[in-house]
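K.L.:
First the structure, then my questions, so here it is.
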Amino acid sequence: MAEIGKEIERPLGQTLRPERKASRGIGSGSLAAVLALLGVIGVSGAIALRERPFRKPEEVAVSTPKVTAEPAPAAAATPVPAPAPVSAATQASTPMKSGGPQIIHVQTEEGDGPPKAAIVIRDPSTLGQKLKVAHIPDRALIEASDTGPLPMRSADGRRPFDVYARPWSGARGARVAIVIGGLAVSQTGTQAAIAKLPAEVTLAFAPQGNSIGRWMQAARQSGHEIVMQVPLEPFDYPNVNPGRNTLTVSASPDENLKSLHWALSRTTNYTGVMNYMGARFSADDAAMEPFMAELGKRGLAYIDDGSSSRSVAPDLALKDGVPFVAGDMAIDAVQDRGEILKKLDSLEATARAKGSAVGIGSAFDITVDTVTSWIAEAKKRGIEIVPISAVAIDPQKG
């Protein structure tokens, strides 16, 4: 009867559906909440798994996360390059004024670490003297001759006086130039002089010596400036004889030029010539004029040892454009350590009074040893030892 009653109460045209039990599933609202919670957890996990760029804010621009929620667009895949670090050293790398040492900062890279700064100090007084190649002559400054290579000006006007000069500081303090002559005469004496004497000392080679080319190379590689001695006629010649191929007053200009060329061709890489004796020759205008003109044509200096007050060399050097130096005193006329030291101290006094002084000596053992020890002490007193070219009066430079 109950089922008949239900059928009677059913709307017309509809069938009766079986009754359902209560559903245990999650409603649509609950499902959305769960999905939102999972999204929050996922984002938090992604942040937790990332590298830690925030501890170094300066690296944020170049940090690339290892975990991302979704692939980044192709245009954004290229990392932004980090700006080059600017250090205090780089900012202070401007060279000092010319005439003093320059501090140069060089950036080097090692591995993946930051660039490391290296400091190089460059002294301009050493720039002109590359010791490894100082003994190699400049081909542009050589003229071939029957007697050997002759010095000459290059086509562009460079002079041996300039090219082969030893550099110095250029300071205006007291300067002393010392020339030690007679090298290549004694092999052991020459070797000792080159080895012992400070590089600032100028060495003069006797043309009658042996193995001059080899000794020139040793001297230049040791840093010395060199000059060539030329035998000139003294009074009472030939009883007093400076050696073979001496230039004399009685010889013709061509004969004297031939003798001069022989001396000049004995080696290379020297800045000028210095007289050996020659009191009579240097006092004669007719003899000295072609001699000095030849030096000017070839770009060589003339060093007068100062032994003759009658020398006409200063006036002729100015006329012919020859760099000129006159010696102030012979330092070893007396072969005694005490006497040599007195002469050297006198040179120092002259240099302090005039700005510069020139001493001339010979390659005796006592001279070499005394000069070497004196220079070490003189430097401590503020005396600069300079090559002979540094004190020359150069008409071409005003």
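Bear in mind that the values in this text are calculations on the coordinates, not laboratory data. If you're wondering where the values come from, they're calculated on a predicted model, not measured in any experiment. Don't worry about glycine lacking a Cβ; one is built from the backbone with ideal geometry, like all the others, and counts go over all protein chains shown.
K.L.:
Take peptides 314-327, 261-274, 339-352, 372-385 and line them up by average Cβ neighbours within 10 Å, highest first, as a rough protection proxy.
P.N.:
Ranking, from highest mean packing down: 261-274, 314-327, 339-352, 372-385.
K.L.:
Separate question: Expected output is a single nm value to one decimal: the length gained when fully extending between residue 335 and residue 146, i.e. 0.36 nm times separation in residues minus the C-alpha distance. What is it?
P.N.:
That pair, residue 335 and residue 146, stretches by 64.0 nm at full extension.
K.L.:
Suppose each label sits 7 Å from its Cα in the direction of the beta carbon; what would the residue 187-residue 352 distance come out to in nanometres?
P.N.:
4.5 nm
K.L.:
Moving to a separate point now. So which of 343/380; 130/297; 343/379; 342/380; 319/354; 130/379 end up more than 20 Å apart by C-alpha?
P.N.:
Flagged as over cut-off: 130/297; 319/354; 130/379.
K.L.:
Could you give the nm distance between label points at residue 221 and residue 393, where each point is 7 Å from its Cα heading toward the beta carbon?
P.N.:
For the pair residue 221/residue 393, the computed spacing is 3.9 nm.
K.L.:
For residue 156 and residue 380, calculate 0.36 nm times their separation in residues minus their Cα-Cα distance, and state this gained length in nm to one decimal.
P.N.:
76.5 nm is the gain from fully extending residue 156 to residue 380.
K.L.:
Can you compute the FRET efficiency between residue 252 and residue 315 using 1/(1 + (r/R0)^6), with r the Cβ-Cβ distance and R0 = 25 Å? Round to the nearest 0.05.
P.N.:
That gives a FRET efficiency of 0.65.
K.L.:
Report the full-extension gain for the segment residue 210 to residue 372: residue separation times 0.36 nm, less the Cα-Cα distance, to one decimal in nm.
P.N.:
Going from the current span to full extension adds 55.9 nm.
K.L.:
Please state the equivalent ellipsoid semi-axes for segment 139-397: what are the square roots of 5 times the Cα gyration tensor eigenvalues, largest first, in whole Å?
P.N.:
So the three semi-axes of segment 139-397 are 27, 20, 19 Å.
K.L.:
Tell me the net charge near residue 256. Cut-off is 10 Å between Cβ atoms, residue 256 excluded, with +1 for each Lys or Arg and -1 for each Asp or Glu.
P.N.:
For residues surrounding residue 256, the net value is -3.
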